[in-house]
Amino acid sequence: MDFSDVLAQSRGLAARQQVEFQHQGPETASRAAGEYAALHGGRDAAAASGAAKSMRSMIPRLERDLDQINQASRRPFIADGSFERSDRDPFSGDDGAMQHVTYAGTPAGGGGGGGGSNAMRVLSEYGLEPNRLERSLQSIALLDTYEPLHPFADSDLDAFATQQNDVMILAAIDTVRSSVLTDSRKRRAQRLEYMWATQKADVVTRTAFVPGSSGAGASMASQDGTTHASAPGSGFAHVESQSRIRPQVEADYVDIVKRACVTSLRASDPQHQHASVSVAREFERAASRHHRGQRIEACFYSLRFICGEEEETDGVAKLPGRDIDSESRVAEGWRGARRGLELMFRNGKLRPTVESNPLLAKRGGEPGLLADVRGYINVLLQRGVPAYLRSDGSPLLRGLPLWPQIYFCFRCGDLDAVNEVVHDAAHQLEAIGSHFAVCWDSFYRSKAEHLLSEEHLDSLLYEYTSKAAFSPDPFRRACCMLLLRVQPQPIAGPALSGDDQAILFSDVEDYVWFQLSLVRVESGEPSAAQPLRMATTRALSLKEVQAEVQAFGPKYFDPKGSNPFLYASILLYCGCYNEAAHYLMENTSPSGHAGAVSGSPTSSSSFLDAFHIAFVLYFYRLLDSALYCNFLMRFVRPMLQENPVEAAVYAFSLHVEESHVIQDLLQRIILRTRKVTELLGSHRSGLQGSLRELVRLTGESGESILMRAIRQTARIAEEGGDRALAAKIYENMGSADDVLRILVLRLGAQMMDISSSARSEVLQEAKIFAVRLDSDASLRSVHSERLLHSFRMLLNLCEFIDLYNAGKLEAAWAFLRKLSLLPMSSDQVLAKASELRPGTSDYDDVVLERIPEILLIVMELLVALHTSARRAESLANVRGDRKMAAEMHTERLVYDQSAQYLINLSGMLQFPFAELSSKLIRLQVMMTW
């Protein structure tokens, strides 16, 4: 029997058993000793205990090999001498092995000796029989190998199924997670690759105002000419920058406006007015410098050409005078807009595309635009020539389709290049029976107007309806329409289908340019829709183009309202200036400037740019004045408190004809800020305020506007009850009479209100001004002596009232006697009564209105003094001081006489003083008690 596999699997269990055996207690040892004593005939306990220990050491250990087990099992028999090994080992595991075991002196089949039987009995008692030992070891190996995780009694099939279900779910989650992670990493790598390629193309191809030409001519590059879009799209996929407005942007914009306003107000020559400052160009540079967004830059770019700030273009700035009718201005703006679109395509799309793809363009070293156009066509045809350009009879020039060369030369606005192409291809055109070369010669020689003669118009129309209309080449139809310059007629006349537009126009600017190029200009203005010789055609007017663009509306160009400048730029190109400004005003928020932090980035942060687009239009007189004034009010309202000087700069952006609006804005600035000295300076110190420094740059017109605004502001403040502000403004103007009048009104209103802080404030101002009246020579020439006399009297009365309320009765009476306001003797009553009547030239009405209250205070003072004198007289009599008593009696008589004079005066005054007289009489009666 081989136990090697069993022992190898049960080493762990053996170690545990050995530990348990070593930790057995005294009871186990005693029990082993008893068993030993029973087997050996009742030996003594000590011997039994020793035998137990020896037997315990003789029990085989499971970690030993078979030789050790065999040696341990033979040891008792060898010691007894009765064991003899036969050929077969009795411990080999065979059932008949015991038949071959022989003992000394005993035959194989005879009775056994006592020693051998005892040995076998001992082995049996301790479990060392071969069969029994084999079964035990096999059970140990089975238990060690297949031991369950839980006891059998605790097994639960439902719990096991639930556990397995959870394990499967976790495994599925882990599998899906690994799959998603792998897929996301793959997609991220693809996205990074795409973004890198896009950014490279954008860096190479974009300009300051146009993004890269992504997807330009994509329909041409297809093999079969399949198209999917029928309406013009936009090449500007860039979302506007929505960063917070930075103060430096505002500072740059304000500086441009300031220089423009100074130029506008100082210059009398309209030609000089616009030549010194290129407003649109300056704004475009500032917007580009501060990364305001490509669409905002595109709006300012369009205004450069519409307003004629470019030397090579016409525009509003090139008009001879400022009083030009609006139709002529729109016509000049139309010419500039078309030229701007042509240069935008040439410099922003065609040339960058050629420069960024030199291998595909195959341009070579030939100079000129024509080489650029051919290189651009090579890039577009990099996948092969589409089917619509490979039709029978399509002419080629230098290995490229002819009609795209003509069209893109038209698109770049270079008619000389078109002439060169048509001249080189004259034989090919003649070979296909086309009269295009002859008609082009008539078109090219018409120079400024670029219109076909009636004969050539009829000829080209016939060719279009008979040949070009049925040609698969959309470029041929487009070139014929650019020469015809008639209104598109989808049914019976020249027109482009939706598929043609998708091939020809890569963005909305291409479509707008094409429509503007069809407009006829006669007699200096875009013509109305007038019929031509052929009944089926008529001229295309600019108003019809404007109506078509407005029919598309913001729902097409700006459906989410997130990019209003796209729709505004299209309206500007089409000459809809008022509509563009109104759309920007309604779709942007004024909370985005003057340092505000925007909650809606697109609308708020773009309001600053939107207003300055309107400013450029108004500066060149392309915008309605009422609309601009409304826009201006919205823009400067948040600035009035924080930046009043900048608000004033924008106020002077209005033309001189709108001086009333300028005055209104200046009035609002002064009334809201109340910073008279900072804005208007100080007449006393000669300090020039911010507004005066600004006005000084604008010349006499600005100075007169400011002076009118200041006077009107002071009047409004005075009528509104803000007399303190009115006094400051009058003082700034150097008008001492007006300052005195305001101070008299304020002193009269606050004189009796002792506890009011307003009284202390006005009294302090009045005292300061009184000192200035005595020291400043420029203020001494007061025209109204009556007003000056009233002012000084009110100051003195205020001091008298302060002395009375402070309890200084004698000082108050002495001060009042010096004023000579009231009669101190019987012969003065009549004179003082005449002085204090209404309408006299001695005092202002404000002083006269306070006389009743002054009389009551004086009478109360006399009563108090009389009572004090009477008590002093009584005390002197008690003491026997007749001299003191006589003096007090004399004072009492004076007080009695003065009180009588007041009663007589109140009766002679022509005021409804009946109640006053009764009060005075009651007070006099109190003096007699």
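The values are calculated or read from the model by the stated rules, or taken from the named source; none is laboratory data. Treat the numbers as computed from the prediction; the structure is a model and nothing was measured. Note that each Cβ is placed from the backbone with ideal geometry, even for glycine, and that neighbours are counted across all protein chains shown. Protein only, heavy atoms only, side chains kept; ligands, DNA and RNA dropped before computing areas. Shrake-Rupley method; radii C 1.70, N 1.55, O 1.52, S 1.80 Å.
Based on this model, can you work out whether Ala885 counts as in a helix (DSSP H, G or I), of a type in the set (Gly, Ala, Ser) and surrounded by fewer than 19 Cβ atoms within 10 Å (Cβ to Cβ)? So Ala885 passes the test. Determine, yes or no, whether Ser603 is in a helix (DSSP H, G or I), at pLDDT below 90, open to solvent by 20 Å² or more (accessible area, probe 1.4 Å) and not assigned by the TED database to the domain that holds Ser453. Yes: the conditions hold for Ser603. Just to verify a result, which residue in region 627-657, among those that are farther than 19 Å from Ile613 by Cα and assigned to a helix (DSSP H, G or I), is most open to solvent (accessible area, probe 1.4 Å)? Here the residue is Glu642. Within region 613-625, the set of residues being assigned to a helix (DSSP H, G or I) and either farther than 21 Å from Arg708 by Cβ or in contact (Cβ under 8 Å) with a residue 60 or more places away in the chain (or both) comprises Ile613, Ala614, Phe615, Val616, Leu617, Tyr618, Phe619.
Put simply, of Val846, Val829 the only residue that is in contact with a Gly (Cβ under 7 Å, 6 or more places away or on another chain) and assigned by the TED database to the domain that holds Ser906 is Val846. Among the residues of region 498-511, is any among the aromatic types (Phe, Trp, Tyr) and under 22 Å from Val549 (Cα atoms)? Checked region 498-511: at least one residue is among the aromatic types (Phe, Trp, Tyr) and under 22 Å from Val549 (Cα atoms). Count of region 382-402 residues, restricted to those that are touching a helix residue (DSSP H, G or I) at 6+ places or on another chain (Cβ under 9 Å), part of a loop (DSSP other than H, G, I, E, B) and either of a type in the set (D, E, K, R) or at pLDDT 90 or above (or both), is 2.
Listed here are the residues, each with its yes/no results for (1) surrounded by fewer than 19 Cβ atoms within 10 Å (Cβ to Cβ); (2) at pLDDT 60 or above.
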position	(1), (2)
Val254	yes, yes
Gln273	no, no
Glu282	no, yes
Glu309	no, yes
Glu312	yes, no
Ser328	yes, yes
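Could we say that Glu891 is open to solvent by 50 Å² or more (accessible area, probe 1.4 Å), modelled with pLDDT of 85 or more and touching a His at 6+ places or on another chain (Cβ under 9 Å) here? Taking the combined requirement at face value, the residue satisfies it. Screening the candidates Gln515, Gln487, Gln501 for the property of being modelled with pLDDT under 85, buried (at least 19 other Cβ atoms within 10 Å of the Cβ) and closer than 28 Å to Tyr556 by Cβ yields one hit, Gln487.
One line per residue, one yes/no per condition, for (1) in contact with a Lys or Arg (Cβ under 9 Å, 6 or more places away or on another chain); (2) surrounded by fewer than 18 Cβ atoms within 10 Å (Cβ to Cβ); (3) modelled with pLDDT of 70 or more:
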{"site": "Ile670", "(1), (2), (3)": "no, no, yes"}
{"site": "Val676", "(1), (2), (3)": "yes, no, yes"}
{"site": "Leu679", "(1), (2), (3)": "yes, no, yes"}
{"site": "Ser682", "(1), (2), (3)": "no, yes, no"}
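Would you be able to say whether some residue in region 403-414 is out of contact with any helix residue (DSSP H, G or I) (no Cβ under 7 Å at 6 or more places or on another chain) and modelled with pLDDT of 85 or more? No, every residue in region 403-414 fails to be out of contact with any helix residue (DSSP H, G or I) (no Cβ under 7 Å at 6 or more places or on another chain) and modelled with pLDDT of 85 or more.
For first residues located in region 730-742 and in a helix (DSSP H, G or I), partners that are modelled with pLDDT under 75 and of a type in the set (Val, Ile, Thr) and lie 6+ apart or on another chain with Cβ distances below 8 Å form the pairs Asn732/Thr677; Ala736/Val782; Asp737/Val782; Leu740/Val782. Going by the structure shown, is Glu799 of a type in the set (D, E, K, R), modelled with pLDDT of 85 or more and under 20 Å from Gln750 (Cα atoms)? It is true that Glu799 is of a type in the set (D, E, K, R), modelled with pLDDT of 85 or more and under 20 Å from Gln750 (Cα atoms). Filtering region 896-915 to residues that are open to solvent by less than 30 Å² (accessible area, probe 1.4 Å) and at pLDDT 65 or above leaves Ser898, Ala899, Leu902, Ile903, Leu905, Ser906, Leu909.
Conditions tested, residue by residue: (1) of a type in the set (Lys, Arg); (2) open to solvent by less than 20 Å² (accessible area, probe 1.4 Å).
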position	(1), (2)
Leu343	no, yes
Arg346	yes, no
Asn357	no, no
Val373	no, yes
Arg398	yes, no
Cys409	no, yes
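Does Ala468 meet the test of being closer than 26 Å to Ala437 by Cβ, open to solvent by less than 40 Å² (accessible area, probe 1.4 Å), at pLDDT 80 or above and more than 46 Å from the chain's Cα centre (by Cα)? Yes: the conditions hold for Ala468. Among the numbered conditions (1) of a type in the set (Ser, Thr, Tyr); (2) surrounded by 16 or more Cβ atoms within 10 Å (Cβ to Cβ); (3) within 41 Å of the chain's Cα centre (by Cα); (4) at pLDDT below 90, tell me where Thr353 comes up short. With (1) of a type in the set (Ser, Thr, Tyr); (2) surrounded by 16 or more Cβ atoms within 10 Å (Cβ to Cβ); (3) within 41 Å of the chain's Cα centre (by Cα); (4) at pLDDT below 90 applied to Thr353, the lone miss is (4).
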